[in-house]
Amino acid sequence: MDRIFVLVASLLVTVGLTTAFVHAADAQAPSKPGAAGFGNVVFAGKPAPLGKDAVDWAVLTAYEYEPGLASLPDPIKALEGKAIVLRGFLLPIAEFDDIHEFCVVPNHMSCCFGMPAGINGQVQVTLRKNERGLPNTSEPIEVRGTFRAIETKDQGILLSIFRLDDATAKVVGY
């Protein structure tokens, strides 16, 4: 009986999330901000407006990680040290209220449910000092900060390869 409940609940969550937002299915990155798929998600069939500093998740996820960030593609190298904007979903690390350090992932199914994002599908974020923290939310967020491509390890375990430092963040909702 428990297995049937889990199966039905999983199907309802999947259907509910699918109808709540539509992910851009284009394999190619759009040419301009605000085009379907740019930044990450199309809400209710309508792309969220983004500025020229927005980065499409496809740029980051196209890189297949190699130790030492070997063969990092030029589009990612060009982001180094620049202020960028990412839209995605909150993945808390250690704080669960008034969150100041977290990961942002491209879609809801790679945060708390479903398949985890690969190392190239998550960006570690540290909010700037005195910035108000985020609530623990399942709604989309927008993060602005200084991009860094750097391996972050703890006790030899790779935690992230992309960071946003000195960031601001807000819940943008659906």
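Test Leu127 against the stated conditions and say whether it is of a type in the set (A, V, I, L, M, F, W, C), out of contact with any helix residue (DSSP H, G or I) (no Cβ under 7 Å at 6 or more places or on another chain), modelled with pLDDT of 95 or more and buried (at least 19 other Cβ atoms within 10 Å of the Cβ). It is true that Leu127 is of a type in the set (A, V, I, L, M, F, W, C), out of contact with any helix residue (DSSP H, G or I) (no Cβ under 7 Å at 6 or more places or on another chain), modelled with pLDDT of 95 or more and buried (at least 19 other Cβ atoms within 10 Å of the Cβ). If you filter the stretch 68-93 down to residues that are exposed (fewer than 13 other Cβ atoms within 10 Å of the Cβ) and touching a residue at least 40 places away in the same chain (Cβ under 8 Å), you find that the one that is farthest from Leu159 (Cα to Cα) is Lys82. Just to be sure before I move on: is Asp97 out of contact with any Gly (no Cβ under 6 Å at 6 or more places or on another chain), surrounded by fewer than 19 Cβ atoms within 10 Å (Cβ to Cβ) and farther than 19 Å from Ala58 by Cβ in the structure I sent? Judged against the criteria, Asp97 is a match. Would the stretch 94-103 turn up any residue that is assigned to a loop (DSSP other than H, G, I, E, B) and under 14 Å from Leu164 (Cα atoms)? Within the stretch 94-103, one or more residues are assigned to a loop (DSSP other than H, G, I, E, B) and under 14 Å from Leu164 (Cα atoms). Against the numbered list (1) in contact with a Pro (Cβ under 6 Å, 6 or more places away or on another chain); (2) part of a loop (DSSP other than H, G, I, E, B), Gly88 comes up short only at (2). Select from the stretch 137-174 the residues that are out of contact with any Gly (no Cβ under 6 Å at 6 or more places or on another chain), of a type in the set (A, V, I, L, M) and in contact (Cβ under 8 Å) with a residue 12 or more places away in the chain and list them in ascending order. Those that are out of contact with any Gly (no Cβ under 6 Å at 6 or more places or on another chain), of a type in the set (A, V, I, L, M) and in contact (Cβ under 8 Å) with a residue 12 or more places away in the chain: Ile141, Val143, Ala149, Ile150, Leu158, Leu159, Ile161, Ala169, Val171, Val172.
Yes/no matrix, rows are residues, columns are (1) exposed (fewer than 14 other Cβ atoms within 10 Å of the Cβ); (2) closer than 17 Å to Asp97 by Cα; (3) at pLDDT below 90; (4) in contact with a helix residue (DSSP H, G or I) (Cβ under 8 Å, 6 or more places away or on another chain):
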position	(1), (2), (3), (4)
Ser110	no, no, yes, yes
Gly133	no, yes, no, no
Phe147	no, no, no, no
Leu164	no, no, no, no
Ala169	no, yes, no, no
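A quick yes/no check of all residues on (1) of a type outside the set (S, T, N, Q); (2) under 15 Å from the mean Cα position of the chain (by Cα):
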site	(1), (2)
His100	yes, no
Val104	yes, yes
Asn120	no, yes
Gly145	yes, yes
Arg148	yes, yes
Leu158	yes, no
Thr168	no, yes
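Just one of the numbered conditions (1) modelled with pLDDT of 95 or more; (2) assigned to a loop (DSSP other than H, G, I, E, B); (3) within 15 Å of the chain's Cα centre (by Cα) is not true of Glu80: (3).
Among the residues of the stretch 152-162, the ones that are in contact with a helix residue (DSSP H, G or I) (Cβ under 7 Å, 6 or more places away or on another chain) and either of a type in the set (A, V, I, L, M) or surrounded by fewer than 15 Cβ atoms within 10 Å (Cβ to Cβ) (or both) come to 2 in all.
The values are calculated or read from the model by the stated rules, or taken from the named source; none is laboratory data. None of the values given here were measured: they were computed from a predicted structure. No Cβ is skipped: glycine too gets one built from the backbone with ideal geometry, and neighbour counts run over all protein chains shown.
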